[in-house]
Amino acid sequence: MRIQPVLWAAAALLCTVQTSNAQSFNSFFAFGDSSVDSGWWKAALPSNATGKAAKDALIAASIAQGGTGAPVGAGYLVNSQLLASYFGLSAIPANQTVGTNYAISGAVDAATADNGNIGNLNNIPPGTNTNLPSTVQQIANYLTSVGGHANPNALYLISSGGNDLTFANDNFGTLTAKETYVGAQATLLANEIKVLQAAGARYIIVPSAGGGNGALPPFYTSALWNDLAAAGVQFIPSDIRGLRRAVQSDPTAFGFTAATVLPGVVGSGTGSACVTQTGAGPNTSGWAQWCANTTTPSSSYAYLRAADAQQTSFYADDQHFSAAGQKIEADYNYSLVVAPSEISFLAEAPLKTRAGVIQSIWNQIPISLNQSGSHHAWVTGAVSSLEMNNSSNGFPNDPGTPLNLTAGVDYRLARNWLVGGAVSVGTTRQTFSLGGDFREDEVAATLYSAYRNRSYWINAAATWGTLHYDVNRQVPIGITIQPNTGSTRGSDLSFAAELGYDFKTAIGSTRAVGMPVKAPTSQLYLTHGPVVGVILQRAHVKGYAETDPFASIGGFTALSFGDQTRNSAVSELGYQVSVDMGRWQPFAKVTWNHEWASLDRSVTASLTSTVAPSYSMPAVILARDWGTETVGTRLKIGSGMTGYAAFISENAQDATIYGGQVGLNVALDPFLATHAIN
């Protein structure tokens, strides 16, 4: 039989594999107030002014100096723009071309009778501008623009409530009245976010409200988050209040000082990045919105306290973060989005390392069947390079180096029937591309069997293992790296089977090394044939909670994660070949693998810094199809002793493994006979 056409067919099969990519974001949308406004006023002025002539003039003057109208200062980006950029997207104001950021400084949650039907604090007389929509109206405007169908693959950021807190403090005398008002506003916003989700939005970040200290801001945030949870809205809660508390507790770590980490005050003695314009009144607020990128004092716009003030101050004015603060906020929100995807690698790694254990058993079985004697002991050591990539923009990679040692014993019940058991220990340290890593240690036990009937053969193995993880998920926040550590356990159960048919073809003859030319030769045989198989696997990782450097004050970046389970059903279709050259037996195998199990799973996370609903994000999705290639040789070292070495590679768009195995198989019958008990 000619095998060349078959080998070419197998190679062509591997070239047709397809891959699956993890969920990614293709757009970014923001709604709310100045906490995420990326410069709506630049396009609005002068025809659609705030309604406050003095404020309009200040903003216009700063824009003339290169400003954008964003409440951070000229030449710098707000957190919404930075967050979008981390995913390769933009957050251009919605009143500009291709803009997707609907947020407007001054916006309240909703226009109601309780606030005089204003959508924005700039609508308050004198000089009202009723064209300024509330956050609820911004969301409604977006849904209208898309025919009521929200982009399901977009990331949404909704940050509002700060101006409702301001309105409540300015217009209601008692805490009860204030809470009644902001609670009602939170309910209206939650209802509109529910409409947004029902329209198709799936990934929504809702930060805690600003508004300074006191009991009202946390009351509002709790009301909003609880209303969202009660309405069944799936969202990512972002604890900006906890972020602020953490930064202010250790200002020098973030590049600030005790004098520059607090909200600014009016006048040149401020610790904020921007100084109010000369001649400003004591009630001036939010002056970073008209802050020019200059240290020269002016009565026409605010100016920088120092050339590097945007990096050495936490606040840009009395309420908005500086450029450095905006980055801290964006980094934090980014970490919340990608953390579940990072942790989902904990359940993916065992699938890859278990495949290596099974492969080592498959490589030992033909040696035991062809080795002299009925009892055999063997050992295999393996080292690999495992990189689980996720090609979706913004999601982390996970490279590492798995190590494994497997030892087994088996018994040949009959000439063609083998049963055995093995114990394996393995470890791998997989590195997160954002920083940090996790170490996975596994101890596993396997029962296996093999049967040969002329040309037909079958292998089967059942394995159960315990997993232990030590995780250090590092989060870049501003100029700092925040380590978030934790440990957990898990289990990994698998069943693998492989069967095939062998053709035996004479391909020539050979003469033993060192023998004279006229010495007899031995016939060379090529054994080859198709292989099919399956690996069924269930990896389970228990939930755990992280700790971070700010655990003593309630945490900051640390999260807790729920249990996760990864089910897998991988089929194998390929071809293998070996040559019996006496002492040497080179072999090779090439297969196409396909994952049949559902890849639609998610990982649940919870904030540890405050009470908030849990949220879930999709786990990374590796390729459904990949090719596996094995090349090696068996070597008869002596009577009853055979070794082997093999190189194994697994290639797909989202996962790559290169590794080597070295094994030794020894017949135990002489030893058992010598030490037999008479």
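The length gained on full extension between L524 and S145, counted as 0.36 nm times the residue separation minus their Cα-Cα distance, comes to 129.0 nm. Put V265, V471 in order of accessible area, highest first, and with a 1.4 Å probe you get V265, V471. The antiparallel fraction among DSSP beta bridges confined to the chain stands at about 90%. Going Cα to Cα from K504, which aspartates and glutamates come in below 17 Å? Please leave out same-chain ones fewer than 8 positions away. The reachable aspartates and glutamates, counting only those whose Cα sits under 17 Å from K504, are D580.
Translational diffusion coefficient of region 547-678 (Stokes-Einstein, Kirkwood radius from Cα pairs, 37 °C, 0.692 mPa s): 164 µm²/s. Compute the acute angle (0 to 90°) between the alpha-carbon long axis of helix 216-230 and the principal axis of greatest extent of the alpha-carbon atoms of the chain; round to the nearest 10°. Result, in degrees: 50. Less than 5 angstrom separates the built amide H of L157 from those of F29, A30, F31, I205, all sequence-distant by 5 or more or on a different chain. Rounded to 0.05, the FRET efficiency of the R439 and A64 pair, given R0 = 51 Å and the Cβ-Cβ distance, is 0.35. The long axis of helix 4-14 is offset from the longest Cα principal axis of the chain by roughly 20 degrees.
Which distance in Å, rounded to a whole number, links the C-alpha centroids of region 165-179 and region 535-610? If we compute the Cα centre of each part, the gap is 51 Å.
Please state, rounded to one decimal and in Å, the Kirkwood hydrodynamic radius that the chain gives when every pair of distinct Cα atoms enters the mean of 1/r.
About 28.7 Å for the chain.
Ordering N593, F647, L82 by the projection of their Cα atoms onto the charge dipole of the chain, which places +1 on the Cβ of Lys and Arg and -1 on the Cβ of Asp and Glu, puts F647 at the extreme positive end.
When only C-alpha pairs under 8 Å and at least 6 residues apart count, what is the relative contact order of the chain, in percent? Here the relative contact order equals 12 percent.
Hey, could you grab the Kirkwood Rh for region 285-343? Inverse mean 1/r over distinct alpha carbon pairs, Å, one decimal. Don't skip to the end; give the middle numbers.
On the way: mean 1/r = 0.0782 Å⁻¹.
About 12.8 Å, per the Kirkwood formula over Cα pairs.
Normalised by the number of residues in region 616-678, the mean separation of alpha-carbon contacts (under 8 Å, six or more apart) gives a relative contact order of 27 percent. Over region 215-320, what relative contact order in percent results from Cα pairs under 8 Å that are six or more residues apart? So the answer I get is 25 percent. Which is farthest toward the positive dipole end of the chain among T166, N389, S313, measuring Cα position about the Cα centre, with Cβ charges +1 (Lys, Arg) and -1 (Asp, Glu)? In the chain, that residue is N389.
Counting only Cβ charges, +1 for Lys and Arg and -1 for Asp and Glu, the dipole size of region 518-579 around its Cα centre is about 380 debye.
A simple rule links phi to the HN-Hα coupling: the Karplus curve 6.51 cos²θ - 1.76 cosθ + 1.60 with θ = phi - 60°, which for region 291-307 gives 8, 8, 7, 8, 9, 7, x, 8, 8, 8, 6, 6, 9, 6, 5, 8, 4 Hz, with x for Gly and Pro. What does the charge count around H468 come to, taking other residues whose C-beta lies under 12 Å from its C-beta (Lys +1, Arg +1, Asp -1, Glu -1)? Net charge around H468: -2. In this structure, the amide hydrogen of R601, modeled 1.01 Å from its nitrogen in the peptide plane, lies closer than 5 angstrom to those of A619, counting only residues at least 5 positions away or on a different chain.
Measuring r between the beta carbons of N153 and A230 and using R0 = 22 Å, the FRET efficiency lands at 0.25. For Y451, the accessible surface of its heavy atoms amounts to roughly 100 Å² (probe 1.4 Å, protein chains only, rounded to the nearest 10).
P(r) tail, region 77-221: Cα-Cα pairs separated by more than 19 Å, 53% of all pairs. Taking a straight Cα-Cα cut-off under 24 Å and skipping sequence neighbours fewer than 8 places away in the same chain, the lysines within cross-link reach of K55 are K42. Here the gap between R429 and A506, fully extended at 0.36 nm per residue and compared with their Cα-Cα distance, gives a gain of 23.1 nm. When the charge dipole of region 294-357 is built from unit charges on Cβ atoms (+1 for Lys and Arg, -1 for Asp and Glu) and taken about the Cα centre, the candidate among S298, A324, V357 whose Cα reaches farthest toward its positive end is V357. Charge dipole of region 554-670 (Cα centre as origin; +1 on each Lys and Arg Cβ, -1 on each Asp and Glu Cβ, all else neutral): 260 debye, rounded to the nearest 20. Phi angles across region 262-268 convert, under the Karplus curve 6.51 cos²θ - 1.76 cosθ + 1.60 with θ = phi - 60°, into 3J(HN,Hα) values of 9, x, x, 10, 5, x, 5 Hz, Gly and Pro given as x. Distances between placed amide hydrogens fall under 5 Å for L559 paired with E546, all partners being 5 or more residues away or on another chain.
Anisotropy class assigned to region 235-328 is prolate, per the alpha carbon gyration tensor with a/c at or over the 1.5 cut-off and a/b larger than b/c. Can you give the angle from 0 to 90° between the axis of helix 135-145 and the longest principal axis of the chain, with both taken from C-alpha atoms, to the nearest 10? Here the helix axis deviates by roughly 60 degrees. Modelled label positions at A569 and A673, each set 7 Å beyond Cα in the direction of Cβ, lie 4.9 nm from each other.
Dipole magnitude for the chain: about 2140 debye, using +1 per Lys or Arg Cβ and -1 per Asp or Glu Cβ, origin at the Cα centre. Measuring against 32 Å, Cα to Cα, the residue pairs K194/K352; K589/K636; K178/K542; K194/K327 contain K194/K352; K178/K542 as the ones spanning a longer distance.
Computed from phi, the 3J(HN,Hα) profile of region 613-624 under the Karplus parametrisation 6.51, -1.76, 1.60 (θ = phi - 60°) reads x, 6, 9, 10, 10, x, 6, 4, 10, 8, 5, 7 Hz, with x in place of Gly and Pro.
The values are calculated or read from the model by the stated rules, or taken from the named source; none is laboratory data. As the structure is a computational prediction, the values presented were derived from the model and not from experiment. Methodologically, a virtual Cβ is constructed for each residue, glycine included, from the backbone with ideal geometry; neighbour enumeration extends over all protein chains shown. In case anyone asks, the SASA skips ligands and DNA or RNA and just uses the protein heavy atoms, side chains included. Shrake-Rupley method; radii C 1.70, N 1.55, O 1.52, S 1.80 Å.
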